[in-house]
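The structure under discussion appears below in the form of structure tokens.
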Amino acid sequence: MAFFSVIVPVYNRRDEVEDLLRSLTRQTDKDFEIILVEDGSTDPCEDIALRYAKELDLRYFYKDNEGRSIARNYGLEHATGRYFVFFDSDCVIPPDYFKTLGRELANNYVPCFGGPDAASDDFTDVQKAISFSMTSLLTTGGIRGGKVQMEKFVPRSFNMGYSREVYEKVGGFREMFSEDIDMSTRVRQAGFDIRLIRPAFVYHKRRTSISKFARQTYVFGMSRITLKLLYPDSLKVVHCLPAVFLAGCVLLLLLSLWKWWFILPILLYAAMLWVAALIETRSLKIACLAVATSFTQLCSYGWGFIKAWVWKILLRHGRDIDEEVAMRKGK
């Protein structure tokens, strides 16, 4: 019986699944099983899974489409390991990941962990720019596992795990937006410790275009209000900053029509982003793209946050979780 059970939900991601499984064959420590749950894909990856099952301890399941959280829970029900690790299908795992994770847990065990993400050298320039905007202190405040953090670390579902003991007490994921934050909150409320294991990182492809990234971060902003309704004390100042940023940008742009120099703070911030991205990526093109993805992230998140705040808090049209699930399924 493997120590780790790796659970991956999949929906129409054949190429990504192949990259993920290929990276898992290269692990220096293979004390893990893989539970691949196809969530009603119209372009299933069963043939790919069967091919890699010759090299890996891999089980493939196909089920009707109900959402990624329900797919993860389906995988949990079939997992045999003592510790569960969750990846998204768009991740590539460095060769020493499980060796590193096993060593960290042996030296300083924790019932629940999360790890950071990074951009691989073979990612597209847009993906590298998005990775910068999602991890830079200038945009997220390090809340996703950066070296400096402005709030308590919360594991994300692209790279997180917890013990069977946690699962037996807390259960699986709730089908909702930001389900990983909800899960981490319930884990902490149940009395379990959570730790960021920084060396256990993954390469995360994220979205492949700025428009898709805008939609994703817009949903993130909306879901923060859902989390506030579930956990009233969960909303922190750092979560409100993108909304303040968006409002400030709109105000400065309007004022610049009167006096041009009101636009200078926006230009200064863009310059700071460009320099930081250039230092990190050593690419002029990626640095320019990073300015665009950073403004996209903050403004899209801020707009989703403001819209949900007005609708659910001010106008008191708060949806419960069942309604959120129905909205997600398009019902």
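The values are calculated or read from the model by the stated rules, or taken from the named source; none is laboratory data. Nothing here was measured: the structure is a model prediction, and the numbers come from that model. Note that each Cβ is placed from the backbone with ideal geometry, even for glycine, and that neighbours are counted across all protein chains shown.
If a residue must be part of a helix (DSSP H, G or I), among the aliphatic types (A, V, I, L, M) and touching a helix residue (DSSP H, G or I) at 6+ places or on another chain (Cβ under 7 Å), how many such residues does the range 233-252 contain? Steps first, answer last, please.
Kept after step one, since they are part of a helix (DSSP H, G or I), are these residues of the range 233-252: 237-252.
Subset that is among the aliphatic types (A, V, I, L, M): 237-238, 241, 243-244, 246-247, 250-252.
Checking which are touching a helix residue (DSSP H, G or I) at 6+ places or on another chain (Cβ under 7 Å) leaves us with 243, 246, 252.
Of the residues in the range 233-252, 3 are part of a helix (DSSP H, G or I), among the aliphatic types (A, V, I, L, M) and touching a helix residue (DSSP H, G or I) at 6+ places or on another chain (Cβ under 7 Å).
Yes/no matrix, rows are residues, columns are (1) surrounded by fewer than 19 Cβ atoms within 10 Å (Cβ to Cβ); (2) of a type in the set (A, V, I, L, M); (3) at pLDDT below 95; (4) under 16 Å from Leu241 (Cβ atoms):
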site: Pro265; (1), (2), (3), (4): yes, no, no, yes
site: Trp274; (1), (2), (3), (4): yes, no, no, no
site: Leu314; (1), (2), (3), (4): yes, yes, yes, no
site: Asp320; (1), (2), (3), (4): yes, no, yes, no
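Scan the range 57-116 residue by residue and report those that are over 25 Å from Glu46 (Cβ atoms) and basic (Lys, Arg).
Arg82, Lys99, Arg103, listed by residue number.
Among the candidates Arg72, Arg103, which residue alone is outside any strand (DSSP E or B) and buried (at least 16 other Cβ atoms within 10 Å of the Cβ)?
Details: Arg103 fails: buried (at least 16 other Cβ atoms within 10 Å of the Cβ).
Going through Arg72, Arg103 in turn, the sole match is Arg72.
Restricting attention to the range 6-26, which residues are among the polar types (S, T, N, Q) and either without any contact (Cβ under 8 Å) to a residue 40 or more places away in the chain or in contact with a Lys or Arg (Cβ under 8 Å, 6 or more places away or on another chain) (or both)? Lay out the reasoning, then the answer.
Here is the first cut: in the range 6-26, the ones among the polar types (S, T, N, Q) are 12, 23, 25.
Across the range 6-26, the qualifying residues are Asn12, Thr25.
Out of the strands (runs of 3 or more DSSP E) lying entirely within the range 120-232, which hold 3 or more residues that are surrounded by 20 or more Cβ atoms within 10 Å (Cβ to Cβ) and under 14 Å from the mean Cα position of the chain (by Cα)?
Details: elements: 159-163, 194-196, 202-204.
Ranges flagged: 159-163, 202-204.
When residues of the range 1-38 are filtered for being assigned to a strand (DSSP E or B) and either surrounded by fewer than 23 Cβ atoms within 10 Å (Cβ to Cβ) or not hydroxyl-bearing (Ser, Thr, Tyr) (or both), how many remain? Reasoning before the result, please.
Initially, the range 1-38 is screened for residues assigned to a strand (DSSP E or B), giving 4-10, 32-38.
If we keep only those that are either surrounded by fewer than 23 Cβ atoms within 10 Å (Cβ to Cβ) or not hydroxyl-bearing (Ser, Thr, Tyr) (or both) too, we end up with 4, 6-10, 32-38.
Residues in the range 1-38 being assigned to a strand (DSSP E or B) and either surrounded by fewer than 23 Cβ atoms within 10 Å (Cβ to Cβ) or not hydroxyl-bearing (Ser, Thr, Tyr) (or both): 13 in total.
Considering only the range 51-60, I want to know if a residue exists there that is touching a His at 6+ places or on another chain (Cβ under 9 Å) and of a type outside the set (A, V, I, L, M, F, W, C).
As a first pass, look at the range 51-60 and keep what is touching a His at 6+ places or on another chain (Cβ under 9 Å): 59.
Still in the running and of a type outside the set (A, V, I, L, M, F, W, C): 59.
There is at least one residue in the range 51-60 that is touching a His at 6+ places or on another chain (Cβ under 9 Å) and of a type outside the set (A, V, I, L, M, F, W, C).
Tell me which residues, restricted to the range 101-119, are more than 21 Å from the chain's Cα centre (by Cα) and farther than 13 Å from Ser163 by Cβ. Break it down stepwise before answering.
Going residue by residue through the range 101-119, those that are more than 21 Å from the chain's Cα centre (by Cα) are 102-109.
If the condition is that a residue be more than 21 Å from the chain's Cα centre (by Cα) and farther than 13 Å from Ser163 by Cβ, then Gly102, Arg103, Glu104, Ala106, Asn107, Asn108 are the ones that fit.
In the range 91-100, which residues are farther than 12 Å from Lys30 by Cβ and part of a helix (DSSP H, G or I)?
Residue satisfying the conditions is Thr100 alone.
Among the residues of the range 259-271, are any outside any helix (DSSP H, G or I), of a type in the set (Phe, Trp, Tyr) and more than 27 Å from Phe153 (Cα to Cα)?
Within the range 259-271, the subset outside any helix (DSSP H, G or I) is 259.
If we keep only those that are of a type in the set (Phe, Trp, Tyr) too, we end up with none.
Scanning the range 259-271 turns up no residue that is outside any helix (DSSP H, G or I), of a type in the set (Phe, Trp, Tyr) and more than 27 Å from Phe153 (Cα to Cα).
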